[in-house]
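What follows is one structure encoded as structure tokens, with my remarks underneath.
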Amino acid sequence: MLSGTPQLTRRDLLAMIGTLAGSAAMYQAMTTLGFAQESPYKGPLKLDGDPKGASVLILGAGLSGMVSAYELSKAGYRVQILEYRKKAGGRCWSLRGGDKYTELGGFEQECKFDKGLYLNPGPWRIPYHHHAVLDYCKRLGVRLEAFVQVNHNAYLHSAKAFGGKPQRFRQINSDFNGHVAELLSKVTRQGGLDQAVSKEDREKLLEALQSWGALDGNYAYAAGDRSSERRGFEIDPGGGQMPVPKPSQPIGLSDIVQSGLWSSLSIGNLYEYQTTMFQPIGGMDMIAQAFEREVGNLIHYNAKITEIDQDDNGVTVRYEDAQKGGEAQTATADWCICTVPFSVLSQVKTKVSSDMQAAIDNLPYAASIKVGLQFKRRFWEEDEHIYGGITFTDLPNTLISYPSTDYQSSGKGVLLGAYSWEAWAYEFTSLPPEERIKKALEYGAQIHPQYNDEFDNGMAVGWHRVPWTLGCYGEWTEEKRREHYRAASAIDGRIAMAGEHISYIPAWMEGALLSGLDATGRLHQRVVNG
């Protein structure tokens, strides 16, 4: 049974820092922990100079491998890609009706979503400052639409607060800010900040607090038009002889603090989630498909790598058919860019330096699970007026994300019904897929009772059981970066590593693209310089 309190994740920690210490401290913490780096991408890669007919073997047709192949082939290199799966994209992956997926342990799932509906088991949103992803989307013709991260009409939920009843984000946000503004205004008016601010600044601060917290003329946060214009009215303004508008009653500060719901208020302030965020129209793998159209002729699919060898003259890779097995085959090239996740590469015999091997062997991968749930109708819109955005909960499913597309369409819809990490992800994935879906339904029904009557079918992907990654993303710590990152990112003889794990933007497509571009540029310089 899924229960208990998992270890605090980095994302949880960042949310707490953001709420309690403000944006400056939050950004510093995100930078230290490996998130929130703005992409340094400045435009298309320039590979000047003669490649001298050199050949490059790329291992893995994820985004990192395909962007490397795309740029190298344009520069005149002879390129071949070996890919474990029968399709390209790696973690840039969408599941649609008719797709089949088999995880470690032999559990096979067939997606039964209706046409046009999908689940993104891996990346599902693109920050506005991920410049490489956005640029390649533009160059390759991938159409984008807005992804709604924060919806003030979605819910914040705790099974231990308010009798388990979910609260609207806008109400908790408005009331928390309003009560804090009232406390600060009292301190300011009583002279508690006299040593910190001048008299003139004191008046401006009070004015700002009154505006920010929707305080009344007495600097109190109370039921009235000002507070209701933030948190919503009990009876909304209407027309004609409709009932007279009635202000709503704020929730007490103690109730909010004790509920813990404040911990999710800062999510939209985190740099990686700030507006505007994007998603490809039709599913995240529209990006993978666009790259595949450009380099698909270079990809050898269903190739399971069994050994990577190198000497002073080149690289030799042995592989077998991932579906049929059989006799080993060989691919050779002058150079190699390996984008295989270290979680998998650590199980492959690879001829690299001891420092590189230590990096491969010592990078853990985060556990994560996503559960997609198809419902017979879009009840979250029809019944609760939630259009896009995310509901957060302290239950093991962690969140519910509502589709940011096809608003008010009739027919079925797919929710992201669980997106859990670490301990809860392991607990979810210890169950067969159908039981994981049942758990996601059980938890979600505590927020949306309609779950029980409206559920149609679902899919559950636990990333540490995905055969081609064995984990969600490379989970660096400061200590491991100091010890292993330089070796991991070096060109080791004739082999360069690339992928989201060789970046300071782990878990994001931007990190994968930048890593691929960086490895490509450095390898090219080595080739042209002799």
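The values are calculated or read from the model by the stated rules, or taken from the named source; none is laboratory data. Note that this is a predicted model, so its numbers are computed, not measured. Note: ideal-geometry Cβ built from the backbone for every residue, glycine included; neighbour counts use all protein chains shown.
Can we say residue 109 is in contact with a Pro (Cβ under 8 Å, 6 or more places away or on another chain) and farther than 12 Å from residue 283 by Cβ? Spelling it out, residue 109 is indeed in contact with a Pro (Cβ under 8 Å, 6 or more places away or on another chain) and farther than 12 Å from residue 283 by Cβ.
Taken over segment 485-504, the criterion of being of a type in the set (D, E, K, R) and either touching a strand residue (DSSP E or B) at 6+ places or on another chain (Cβ under 8 Å) or in contact (Cβ under 8 Å) with a residue 60 or more places away in the chain (or both) is satisfied by 492, 494, 500. If you go through segment 190-211 and keep only what is assigned to a helix (DSSP H, G or I) and farther than 25 Å from residue 255 by Cβ, you end up with 199, 200, 201, 202, 203, 204, 205, 206, 207, 208. Would you check if there is a residue in segment 490-504 being modelled with pLDDT of 95 or more, surrounded by fewer than 21 Cβ atoms within 10 Å (Cβ to Cβ), among the hydrophobic types (A, V, I, L, M, F, W, C) and not assigned by TED's automatic domain parsing to the domain that holds residue 385? Yes, segment 490-504 contains at least one residue that is modelled with pLDDT of 95 or more, surrounded by fewer than 21 Cβ atoms within 10 Å (Cβ to Cβ), among the hydrophobic types (A, V, I, L, M, F, W, C) and not assigned by TED's automatic domain parsing to the domain that holds residue 385. Among the residues of segment 516-529, those that are in contact with a strand residue (DSSP E or B) (Cβ under 8 Å, 6 or more places away or on another chain) and within 28 Å of residue 367 (Cβ to Cβ) comprise 516, 519.
Among all residues of segment 383-398, there is none that is without any contact (Cβ under 8 Å) to a residue 40 or more places away in the chain and surrounded by fewer than 21 Cβ atoms within 10 Å (Cβ to Cβ). Look at (1) touching a residue at least 40 places away in the same chain (Cβ under 8 Å); (2) out of contact with any Lys or Arg (no Cβ under 6 Å at 6 or more places or on another chain) and you find that residue 171 fails only one, number (2).
Considering (1) closer than 30 Å to residue 401 by Cα; (2) modelled with pLDDT of 95 or more, the lone condition that residue 294 does not fulfil carries the number (1).
Within segment 215-253, being touching a Phe, Trp or Tyr at 6+ places or on another chain (Cβ under 7 Å) and either more than 19 Å from residue 168 (Cα to Cα) or surrounded by 14 or more Cβ atoms within 10 Å (Cβ to Cβ) (or both) holds for 215, 227, 245, 247, 248, 250. Restricting the search to segment 145-160, which residues are crowded, with 24+ Cβ neighbours inside 10 Å and either assigned to a strand (DSSP E or B) or touching an Asp or Glu at 6+ places or on another chain (Cβ under 8 Å) (or both)? Correct list: 155, 156, 157. Scan segment 367-388 for residues that are touching a Leu at 6+ places or on another chain (Cβ under 8 Å) and closer than 19 Å to residue 452 by Cα and the total you get is 6. Just one residue in the set 387, 365, 443 is within 30 Å of residue 496 (Cα to Cα), of a type in the set (Phe, Trp, Tyr), within 22 Å of the chain's Cα centre (by Cα) and at pLDDT 95 or above; that residue is 365. Please verify whether segment 321-329 includes one or more residues that are buried (at least 19 other Cβ atoms within 10 Å of the Cβ) and either in contact with a strand residue (DSSP E or B) (Cβ under 8 Å, 6 or more places away or on another chain) or farther than 24 Å from residue 164 by Cβ (or both). For segment 321-329, residues buried (at least 19 other Cβ atoms within 10 Å of the Cβ) and either in contact with a strand residue (DSSP E or B) (Cβ under 8 Å, 6 or more places away or on another chain) or farther than 24 Å from residue 164 by Cβ (or both): absent.
The rows are residues; the columns are (1) in contact (Cβ under 8 Å) with a residue 24 or more places away in the chain; (2) under 19 Å from the mean Cα position of the chain (by Cα); (3) over 20 Å from residue 96 (Cα atoms); (4) crowded, with 22+ Cβ neighbours inside 10 Å.
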| site | (1), (2), (3), (4) |
| --- | --- |
| 401 | yes, yes, no, yes |
| 417 | yes, yes, no, yes |
| 425 | yes, yes, yes, yes |
| 457 | yes, no, no, no |
| 462 | yes, yes, no, yes |
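Checking each residue in segment 344-371 for being of a type in the set (Lys, Arg) and closer than 16 Å to residue 104 by Cβ picks out no residue at all.
Across segment 253-269, a minimum of one residue is classified as hydroxyl-bearing (Ser, Thr, Tyr), free of Cβ contacts under 8 Å to residues at least 40 places away in the same chain and out of contact with any Asp or Glu (no Cβ under 7 Å at 6 or more places or on another chain). Can you confirm whether residue 263 is out of contact with any strand residue (DSSP E or B) (no Cβ under 9 Å at 6 or more places or on another chain) and of a type in the set (S, T, N, Q)? No. Quick one: is residue 185 in a helix (DSSP H, G or I) and either touching a Phe, Trp or Tyr at 6+ places or on another chain (Cβ under 7 Å) or surrounded by fewer than 13 Cβ atoms within 10 Å (Cβ to Cβ) (or both)? Yes, satisfied.
Residues are listed down the side, and each one gets a yes or a no for (1) in the same structural domain as residue 71 (by TED's automatic domain parsing); (2) under 26 Å from residue 489 (Cβ atoms); (3) within 26 Å of the chain's Cα centre (by Cα); (4) not hydrophobic (A, V, I, L, M, F, W, C):
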site	(1), (2), (3), (4)
312	yes, yes, no, yes
320	yes, no, no, yes
325	yes, no, no, yes
328	yes, no, no, no
337	yes, yes, yes, no
340	yes, yes, yes, no
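Criterion applied to 104, 119, 134, 140 was being over 22 Å from residue 270 (Cα atoms), touching a residue at least 12 places away in the same chain (Cβ under 8 Å), of a type in the set (A, V, I, L, M) and buried (at least 19 other Cβ atoms within 10 Å of the Cβ), and the one residue passing it is 119.
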